[in-house]
1. Applying the selection to region 722-731, what residues are of a type outside the set (S, T, N, Q), within 21 Å of the chain's Cα centre (by Cα) and part of a loop (DSSP other than H, G, I, E, B)?
2. Is one or more of the residues making up region 350-367 polar (S, T, N, Q), open to solvent by 10 Å² or more (accessible area, probe 1.4 Å) and under 15 Å from the mean Cα position of the chain (by Cα)?
3. Kindly state which strands (runs of 3 or more DSSP E) lie completely within region 48-126 and contain at least 1 residues that are touching a Phe, Trp or Tyr at 6+ places or on another chain (Cβ under 7 Å).
4. Taking Ala234, is it at negative phi and in a loop (DSSP other than H, G, I, E, B)?
5. State whether one or more residues within region 473-483 are touching a residue at least 40 places away in the same chain (Cβ under 8 Å) and at positive phi.
6. Give the residues of region 439-475 that are in contact with a Gly (Cβ under 7 Å, 6 or more places away or on another chain) and not in a strand (DSSP E or B), sorted by residue number.
7. Got a sec? Which of Val712, Val667, Val677, Val717 is open to solvent by 10 Å² or more (accessible area, probe 1.4 Å), under 30 Å from Thr361 (Cβ atoms) and among the hydrophobic types (A, V, I, L, M, F, W, C)?
8. Could you check region 788-818 and list, in sequence order, the residues that are more than 23 Å from Arg58 (Cβ to Cβ) and surrounded by 14 or more Cβ atoms within 10 Å (Cβ to Cβ)?
Amino acid sequence: MIVGARRWRRGLAGIALVALTAAGAVGLGPLPPAGPLLDPFGGLWAVATTAEPPSRSRARLPGLGAPVRVVYDDRAVPHIFAATESDAYRALGYVIARDRLFQLDLQARAGGGTLTELLGPSLLPADRDTRATGFRRAAERILAGMAPSSAARQALDQYVAGVNAYMDGLGRRDLPLEYRLLGRRPARWTAADPIYVYLQMGRTLAWSGEEFTRLAAAARAGRAAADALFPVHAPLQEPIVPAPHEPRALADTIPPPGAPDSSALLAAETMPRVPSGSGFGRAARDPDADAPGSNNWAVAPRRTRNGFALLAGDPHLDLTLPSIWYEAQLAAPGLDVYGVTIPGLPAIIIGFNRDVAWSFTNTQADVLDYWRETVDDTLRPARYRVDGSWRPLETRLETYRDPRGRVLATDTLRFTHRGPLRRTAGRWLSFRWTVLEAGDLAAPLQRAAHARSAREWLDAMAPYQAPAQNMLVADGRGTIAIRSTGRFPRRPGDGRGDLVHDGGSSASDWTGAWPVSEEPQSVDPAQGFLASANQEPVDPVVNGAYLGADWFSPWRALRINQLLRADSSVTPDAMRRWQTDVASPRADRFAPFFIAAARAHAGDTLLAHAADVLARWDRRHTAGAAGATLFERAMDNMGPRLFDELSANGLPSAMIASRLLDEPDNVWWDVRATRTVERRDDVLAASLRAAYHALGAEHGAPERGGWAWARVHRANVPHLLRLPSLSAVDLPPPGGPSTLSPSEGAGDNGSSWRMVVELGPEVHGWGTYPGGQSGNPASTHYADYLPAWVAGRLDSLRFPHSPTQLRPSATLLLEGAR
């Protein structure tokens with residue numbers, strides 16, 4: 001169901017009813033007393049009266065060098081026309097605060113570890129983890145490294161000033177709904193807040209824990225098996241940098257399970273006690289789950305129908321209302337750029353100017369390493385030992401407060417020369433992470449927005465450090481290029497970073513970083529197209545240097561390249577259709593084996609029916625596909641059976657299972673819990689039988705329609721506070737696991753911004769995201785993009801040369817103080 005203004009107003013009435021039934025002066029749990037919520041001038045009702053901006057308005061924005069004209073188009077996208085870049089960034093901060101103030105505040109607090117000050121003591125564990133990860137210290141260092149007179153620092157200060165200027169003029173009726181429900185006010189921004197937003201993004205995209213996954217496997221099946229199950233190089237190669245061969249499988253063997261490794265077991269015991277995803281360790285991983293990454297591809301003019309370069313961008317991230325993205329155009333002398341920004345960051349992240357278009361996918365590189373440290377006191381250390389000598393630990397005191405300013409807790413944080421030091425299960429580990437040392441994210445993007453060619457754009461982005469990204473670019477001259485860009489550590493010895501290092505020796509420290517010339521890259525390849533989908537960037541035959549490990553399966557990359565190879569006359573509409581393509585190379589690989597295994601069990605009626613369902617399926621995750629539902633459930637069942645020697649929290653990727661399909665007698669197929677010796681077809685048949693039985697119990701016979709993919713799996717776009725009435729839930733799924741439009745699990749991660757750009761004499765762009773420009777649930781622009789996103793449509797992106805070329809839905813004139 002898609003949230004709309006009418007539905008939200010019904011939800012508002014429900015909230016009001018709850019408030020009425022409570023005592024007007026009694027708080028509702030974490031909510032304020034009900035009386036103020038019902039105030040017709042400043043309560044919930046005022047939210048609806050301010051849902052739409054006036055058709056014409058003007059506001060004071062102190063610090064402007066000249067008036068700035070903001071023209072909103074029919075999709076509520078602000079087109080900012082300014083006399084200088086500084087004024088443009090100040091105005092951008094203002095208009096984003098106007099539309100997304102609560103989101104700005106929440107994201108900065110999440111990265112700064114001050115959620116308790118807004119949402120209360122229940123967020124204390126999250127804040128403690130954020131600060132222990134070193135975010136506040138890192139923000140201080142990043143800011144200290146920015147020269148006050150630099151263009152990047154000036155843009156940051158202008159943006160923050162714009163945010164604060166909007167808050168300074170915030171009237172009682174303008175306060176966003178969430179603050180009314182919480183009984184809070186937004187906090188003024190500082191220069192650290194955009195850095196906190198950036199660090200939070202880095203945690204989403206660049207946190208890794210390959211070390212712990214491998215240790216857990218070694219603890220149960222020995223180191224040799226662990227190294228093969230979680231290899232340094234992807235067993236299935238379809239690299240980003242075009243290789244001199246078709247997709248191929250590496251010939252490495254997978255040794256049988258060995259004796260448990262006691263030393264690995266000791267180290268792995270720390271993993272369950274460590275916060276997952278944002279501290280040490282790694283959240284339980286679905287072996288078929290996609291990376292928090294994306295798809296992008298570009299096509300050279302000689303392979304397009306209109307003879308112009310084409311670029312498609314499609315980042316896959318968490319889905320929320322309001323969206324992670326905000327559309328805008330910035331126009332000033334020397335600058336004219338359109339695209340999406342992350343609220344809180346003073347730059348267009350993905351987009352295009354008059355000559356160049358660009359997009360990113362996550363590189364999945366290993367840019368975080370761990371060291372076992374020896375300390376002088378296991379409870380309250382003051383020193384750590386390196387090369388036989390004691391070194392003092394850096395310490396800092398962190399204080400956590402509730403919304404009323406009362407102290408909830410204090411922590412003493414410790415840091416080695418490598419980075420944060422944390423204690424888990426009685427052991428001390430430090431880590432070094434490029435995100436904490438990266439400098440300003442926005443500065444390279446601000447410079448790149450001026451580029452007039454793909455090569456200029458790549459040069460501008462060369463200083464970019466983290467989170468590492470596969471940067472795809474195309475220009476109006478017909479050049480297409482990609483480079484995996486970021487700070488990739490050089491490590492001693494074999495260069496591997498997927499092992500926990502000995503902190504007692506400085507010889508284990510990083511020795512530098514890859515030069516840009518060595519980063520995986522390709523410019524104008526002979527094949528006439530480029531594509532990335534979080535796969536290993538370069539074939540190890542071309543460059544075997546360690547960049548990461550335990551790569552995600554390249555199923556999406558295989559499909560993109562399959563489509564690109566088959567079409568030598570690509571159109572923008574074809575690029576659009578491909579973004580929601582639901583064919584599955586993963587199913588092409590596994591489904592025939594499931595069918596054959598079922599039919600090998602002659603006389604088993606249930607398996608015969610299951611085989612028929614899969615055989616009738618075209619291996620596309622379409623809405624009515626019962627076969628997709630059965631296949632995904634069977635795959636879910638297969639992993640724990642095949643790798644029952646390992647923990648369910650750390651199963652190998654489907655690439656490993658794919659390798660074992662060709663070895664029906666491999667000992668890994670044997671299930672330890674039984675007295676018989678299973679072979680491949682036994683495990684596949686048992687997984688399929690269990691899937692068919694469970695689906696029948698849950699949804700009835702497949703012929704009744706209950707197994708249809710869209711009935712069993714749904715997409716969800718939750719509100720930032722997970723308030724159901726402000727969320728879009730039970731949406732038709734845009735695709736399925738490992739398809740170009742991935743959707744899995746809770747359905748709240750997927751395509752967050754779809755964009756296609758044609759770089760002709762006049763640049764044309766199309767795009768959409770699952771949400772809308774406004775953060776006000778009563779606004780018609782809160783979720784108005786959702787129908788197009790669900791249907792796979794893209795809207796035309798208006799990129800005017802001047803304000804007069806737009807038919808405005810609203811205008812805002814920003815003027816400096818008198």
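The values are calculated or read from the model by the stated rules, or taken from the named source; none is laboratory data. Given the structure is predicted, the values throughout are model-derived calculations rather than measurements. We place every Cβ from the backbone using ideal geometry, glycine too, and count neighbours over all the protein chains shown. Only protein heavy atoms, including side chains, enter the accessible area calculation; ligands, DNA and RNA are left aside. Shrake-Rupley method; radii C 1.70, N 1.55, O 1.52, S 1.80 Å.
1. In the first step, residues of region 722-731 are kept if they are of a type outside the set (S, T, N, Q); the result is 722-724, 726, 728-731.
Now narrow it down to the ones that are within 21 Å of the chain's Cα centre (by Cα): 722, 728-729, 731.
Correct list: Arg722 only.
2. Taking region 350-367 first, the residues polar (S, T, N, Q) are 353, 359, 361-364.
When the remaining residues are screened for being open to solvent by 10 Å² or more (accessible area, probe 1.4 Å), the result is 364.
Still in the running and under 15 Å from the mean Cα position of the chain (by Cα): 364.
The answer is yes; a qualifying residue exists.
3. On the way: elements: 56-60, 68-72, 78-81.
Per the criteria, 68-72, 78-81.
4. Values: at negative phi: yes; in a loop (DSSP other than H, G, I, E, B): yes.
When the stated conditions are applied, Ala234 passes them.
5. So far as region 473-483 goes, yes, one or more of its residues are touching a residue at least 40 places away in the same chain (Cβ under 8 Å) and at positive phi.
6. If the condition is that a residue be in contact with a Gly (Cβ under 7 Å, 6 or more places away or on another chain) and not in a strand (DSSP E or B), then Gly439, His450, Tyr464, Gln465, Ala466, Pro467, Ala468 are the ones that fit.
7. Working: Val667 fails: under 30 Å from Thr361 (Cβ atoms); Val677 fails: under 30 Å from Thr361 (Cβ atoms); Val717 fails: open to solvent by 10 Å² or more (accessible area, probe 1.4 Å).
So the residue among Val712, Val667, Val677, Val717 that is open to solvent by 10 Å² or more (accessible area, probe 1.4 Å), under 30 Å from Thr361 (Cβ atoms) and among the hydrophobic types (A, V, I, L, M, F, W, C) is Val712.
8. Taking region 788-818 first, the residues more than 23 Å from Arg58 (Cβ to Cβ) are 788-797, 799, 801.
Passing the criteria: Ala788, Trp789, Val790, Gly792, Arg793, Leu794, Asp795, Leu797, Phe799.
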